[in-house]
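Written below as structure tokens is the structure these notes are about.
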Amino acid sequence: MDKSQLMKGILEGCILKIIDKSETYGYEIVVKLQENGFQDVREGTLYPLLLRLEKKKLISATYKPSPLGPSRKYYVLTKDGKEYLYSFYNSWKETCISVNRIFNEENMKEERI
């Protein structure tokens, strides 16, 4: 199965949640995603998503000095970003419930056979 289509919207929601927890920069977001099971996510995948979220005004960015070299671009959620994250999470919960219901129903039928 091609997971890339499934992952597109899910990644946006997860990125927003990571940024919601604390101001952060791109590489740190990649590390957190990878630590939580998104091993295929790389910086080349992340930065276009961050740019899209910034254009949608869901996040804002500022450059800050880095102790290890050039300035880093740090991201925070905007008010619209917080509202979008809340909406995403509610939709995610509803979708999980529906999918689980279908799969559990299927398991129940298999057990009866």
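The values are calculated or read from the model by the stated rules, or taken from the named source; none is laboratory data. In this text the structure is predicted, and so the values were computed from the model without any measurement. Cβ coordinates were reconstructed from backbone atoms using ideal geometry, including for glycine residues, and neighbour counts include every protein chain displayed. Side chains are part of the model used for accessible areas, which takes the heavy atoms of the whole protein and leaves out ligands, DNA and RNA. Shrake-Rupley method; radii C 1.70, N 1.55, O 1.52, S 1.80 Å.
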Quiz item: If the Cβ limit is 6 Å and pairs must be 6+ apart or interchain, which residue in the stretch 39-67 that is within 11 Å of LEU11 (Cβ to Cβ) pairs with which residue that is among the small types (Gly, Ala, Ser)?
Solution: LEU46/GLY26
Quiz item: Failed condition for LEU46, given (1) over 14 Å from THR24 (Cα atoms); (2) part of a helix (DSSP H, G or I); (3) of a type outside the set (Asp, Glu), with all others met?
Solution: (1)
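Which one of these is more than 19 Å from ARG72 (Cβ to Cβ), open to solvent by 40 Å² or more (accessible area, probe 1.4 Å), at pLDDT 95 or above and out of contact with any helix residue (DSSP H, G or I) (no Cβ under 9 Å at 6 or more places or on another chain): LYS55, LYS3?
LYS55
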Quiz item: Quick one: ILE10 ticks every box in (1) part of a helix (DSSP H, G or I); (2) open to solvent by less than 50 Å² (accessible area, probe 1.4 Å); (3) touching a Leu at 6+ places or on another chain (Cβ under 7 Å) bar one, so which box is it?
Solution: (3)
Practice problem: Give the residue that is least open to solvent (accessible area, probe 1.4 Å), with candidates limited to residues of the stretch 60-77 that are under 15 Å from LYS21 (Cβ atoms) and touching a Ser or Thr at 6+ places or on another chain (Cβ under 7 Å). | Solution: TYR75
Quiz item: THR95 versus (1) at pLDDT below 95; (2) in contact with a helix residue (DSSP H, G or I) (Cβ under 7 Å, 6 or more places away or on another chain): which is the lone unmet condition?
Solution: (2)
Quiz item: Quick check: anything in the stretch 71-83 under 11 Å from the mean Cα position of the chain (by Cα), at negative phi and modelled with pLDDT of 95 or more?
Solution: no
